[in-house]
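The structure appears right after this line, and notes come after that.
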Amino acid sequence: MDAYVQFVRNFMCCILDLQIPLPRSPQWYSSLMKSGNIPSPVDETPYLKLCVALTQMYACITVTVSAYKMLTRSLSDLAKYKKYSKNNPKSSPSNNNADIVVDTFIYEKIKASQRGVFIGFSLFGIGPPFLWLTANSLQITRAGWIGGLPALIHALTSMELFLIPLLYYMLKDGIDMILRARKMRNLSEQISKSSRKSIENLFGEGNIDVGVFGWLESNRTAMNMKASETDVDAVNEAYASPSGRFECFDPFKNEMSSTDVKEVFKIIAKAKASVAISLDMWKCKDNERIKLKEAQGTNNPKIEAAISPLLASADRLQFEGCRELLYFLLNFIAFYGYMLCILVYYFDDESLQPTGIRKLQFGMSNSDADWYGNFAGDFAWTIEPLVVLFSPVLLEKLGPTQMAKSKKD
């Protein structure tokens, strides 16, 4: 829903920027504006700007609510996993790998919660300022009722500043996703071609690759695969459910949070025991290797069954990483464009503008910089929701077919 509203809002803004002729306002709207019941200058609001104002108010409410939910959820998770970290029992020599997995998971969850708090706080700097954009669309800025033009510029400045950390995370996430996809492909190649010893090194005692274990463990297709299932089956199943994205491993799943130290000890111990069982499932016993024709190069069937879903997930992650970088590009264009509007306000006298400001405006006059900057922002944020809406469709159509073909080749 949010993507649809964002597209409509910014598409209408582009129409206003380009001053494209539109049909006359509905009769009821014209009558209402001329009735005398609407104060001036609000009664001069064009019909299309009223529609823009409604979508801007929607953004104000939804972004603010999202910020509150993310902040409260992240603070709750942060308190929960910090308590887990504080009361985490010492590692057991007999269960070292399970300890490493759970300890790493707790550490990563703390980092993710801290990031969620930061992003939630940043969204609070973006959502409420939409109120001033709504007022501007309704001509209220001209009346100076809620601070006038200076308040509008302050609101835009707030949105720009709090967009900076989100831009950083878009760029970071995009690069991280692409690197993880590359690692997944390398891992699948290692599993396909490596010796028995190399396979076992994936879960070497005290030297486990937690990321690899998480990818394999969270793929239910690989865990439940039967010998009769084909690689194509695995690929299609991996794409059929969001849970096949190798990002859902959680040793504390379905466990209720507790403030009691003894209960926390029990929860952590149960999680480590569960991970230990999973590790044993992934390991291949000697008699299993004999049955699976080790001489012909067959290794652990559970790990080998994960190759196709792993490659499918790598393709998905590669696609999502590139999409995240596209989000970064579009949002950076919007950030830079709207920044020009702010600079024009603060450096309104072109004869006194510093050289750096002139360069930021690419030598354009203030009026041109203001128009092109605003249009660039509106256009970039019109394209972004289209990417959000259509990229999943493209991914679902192309992913499994290409993966199955690549395995046959």
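The values are calculated or read from the model by the stated rules, or taken from the named source; none is laboratory data. What you see is a predicted model; the values in this text were computed from it and never measured. Cβ coordinates were reconstructed from backbone atoms using ideal geometry, including for glycine residues, and neighbour counts include every protein chain displayed. All accessible areas refer to the heavy atoms of the entire protein, side chains included, with ligands and DNA or RNA removed. Shrake-Rupley method; radii C 1.70, N 1.55, O 1.52, S 1.80 Å.
General remarks:
Listed here are the residues, each with its yes/no results for (1) among the basic types (K, R); (2) touching a residue at least 40 places away in the same chain (Cβ under 8 Å); (3) over 30 Å from V212 (Cα atoms).
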{"site": "A312", "(1), (2), (3)": "no, yes, no"}
{"site": "C322", "(1), (2), (3)": "no, yes, no"}
{"site": "F335", "(1), (2), (3)": "no, yes, yes"}
{"site": "I342", "(1), (2), (3)": "no, yes, yes"}
{"site": "Y345", "(1), (2), (3)": "no, yes, yes"}
{"site": "D349", "(1), (2), (3)": "no, no, yes"}
{"site": "A380", "(1), (2), (3)": "no, yes, yes"}
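- Yes/no for Y68 being in contact with a Phe, Trp or Tyr (Cβ under 9 Å, 6 or more places away or on another chain) and at pLDDT 85 or above: yes
- Of note, L326 satisfies the criterion of being within 15 Å of A380 (Cα to Cα), open to solvent by 30 Å² or more (accessible area, probe 1.4 Å) and either assigned to a loop (DSSP other than H, G, I, E, B) or out of contact with any Phe, Trp or Tyr (no Cβ under 6 Å at 6 or more places or on another chain) (or both).
- Count - residues of region 47-84 that are open to solvent by less than 60 Å² (accessible area, probe 1.4 Å) and among the basic types (K, R): 1
- Index of the failed condition, L149 passing every other in (1) open to solvent by 30 Å² or more (accessible area, probe 1.4 Å); (2) under 21 Å from V65 (Cα atoms): (2)
- Within region 31-46, restricting attention to residues that are in contact (Cβ under 8 Å) with a residue 40 or more places away in the chain and in a helix (DSSP H, G or I), the residue that is surrounded by the most Cβ atoms within 10 Å (Cβ to Cβ) is V42.
- In region 95-141, the qualifying residues are those that are within 30 Å of V42 (Cα to Cα), among the polar types (S, T, N, Q) and assigned to a helix (DSSP H, G or I), and the one that is most open to solvent (accessible area, probe 1.4 Å) is N136.
- Taking the criterion of being modelled with pLDDT of 95 or more and either of a type in the set (D, E, K, R) or touching a strand residue (DSSP E or B) at 6+ places or on another chain (Cβ under 7 Å) (or both), the only residue of region 119-171 that qualifies is E160.
- Residue satisfying condition, being modelled with pLDDT of 95 or more, open to solvent by 20 Å² or more (accessible area, probe 1.4 Å) and of a type outside the set (D, E), within set F362, F335, F347, F319: F335
- Residue within region 9-21 that is over 23 Å from A59 (Cβ atoms) and of a type outside the set (G, A, S) present: yes
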